[in-house]
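Derivation of every value follows stated rules applied to the coordinates shown; laboratory data play no part. Here the structure is a predicted model, which is why all the values come from computation and not from measurement. Glycine gets a Cβ as well: all are built from the backbone with ideal geometry, and neighbour counts include every protein chain shown.
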Amino acid sequence: MNTQTTTEGENNPTAKTFSFRDEIHYPESHDDDMGESSIHYKIISYFFSALEMFFSTVDDVTIAANMNLYYEKGNPRKYYAPDLMISFGAEKRDRQVYKLWEEKVFPQVVFEVASERTWKNDIGEKSEFYGYFGTEEYYLIDAERKYLPLPLMAYRRQEKRLKYIPLEENRIFSSRLDLEIVDTGKSFRLFNPQTQEFLQAVLTGEE
């Protein structure tokens, strides 16, 4: 797409003119987007559905899965697409993409599900990026249990960097979500300490 400012209207007063802002397109998907395995899809679907239900009465929280997050205004090539991101302070509404300069809130919680193609980036470049821009809690899930050092890894932000936090009994408490992320040995679940129950996800049939 041509992103240069049009000059057609300079010699034609009846021609419609466009600003640079009008011409920039921030697509919902890109040619290099990676496909998902069924295991990957089920985990993200469960977490997304369970969190949507858990925060159903909260108006200022946005939960998005595989949504392009654009972080530099005017440059649609500057983006990441977290497997799951939770933004507190962002209006709950439908959106096609997440533009940081409009939302003015960087996702405080991010989940990535590792795969053979992504795990090095998940544990490296993405971790640095999320920490620098403001993610407070970062969770890595190795659904196939063969790529990461541990099936479930948790990070907390300290001085613009995400630092690894050891799990206790295969679980970690999220102060942002007020929930525990648990590796049950067979799957990965969200646990509510208040009710002493795992969250359900109607869309995926998980209980």
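A protection proxy built from the mean count of other Cβ atoms within 10 Å ranks the segments 179-185, 63-69, most packed first, as 63-69, 179-185. Computed packing ranks the peptides 145-156, 160-171, 82-93 as 82-93, 145-156, 160-171, most packed first, by mean other Cβ atoms within 10 Å. Near Ser174, the amide H atoms lying under 5 Å from its own belong to Leu179, Glu180, Ile181; only residues 5 or more places off or on other chains count, and H is placed 1.01 Å from N. Checking the cross-link pairs Lys78/Lys160; Lys73/Lys163; Lys163/Lys186; Lys73/Lys104; Lys104/Lys126; Lys42/Lys160 against a 22 Å limit on the alpha carbon distance flags Lys73/Lys163; Lys163/Lys186; Lys42/Lys160 as lying beyond it.
Roughly what percent of Cα-Cα pairs across region 37-168 reach past 20 Å? Here the tail beyond 20 Å accounts for 44 percent of pairs. Note that region 87-96 has calculated 3J(HN,Hα) couplings of 10, 8, x, 9, 4, 7, 7, 6, 8, 8 Hz, one per residue in order, obtained from phi through the Karplus relation 6.51 cos²θ - 1.76 cosθ + 1.60 (θ = phi - 60°); glycine and proline are x. Centre-to-centre, using Cα atoms only, region 109-163 and region 63-80 are separated by 18 Å. 3J(HN,Hα) along region 39-44: 5, 4, 4, 5, 5, 5 Hz, from the Karplus curve 6.51 cos²θ - 1.76 cosθ + 1.60 with θ = phi - 60°, whole Hz, x for Gly and Pro. The HN-Hα couplings worked out from phi for region 98-109 by the Karplus form 6.51 cos²θ - 1.76 cosθ + 1.60 (θ = phi - 60°) are 10, 9, 4, 6, 8, 6, 6, 9, 8, x, 7, 10 Hz, whole numbers, x standing for Gly and Pro. Report the net charge of residues surrounding Tyr132, where surrounding means a beta-carbon distance below 10 angstrom and charges are Lys +1, Arg +1, Asp -1, Glu -1. Net charge around Tyr132: +2. Amide H contacts under 5 Å for Lys163: Arg156, Arg157, Gln158, restricted to partners 5 or more places along the chain or on a different chain, H placed in the peptide plane at 1.01 Å from N.
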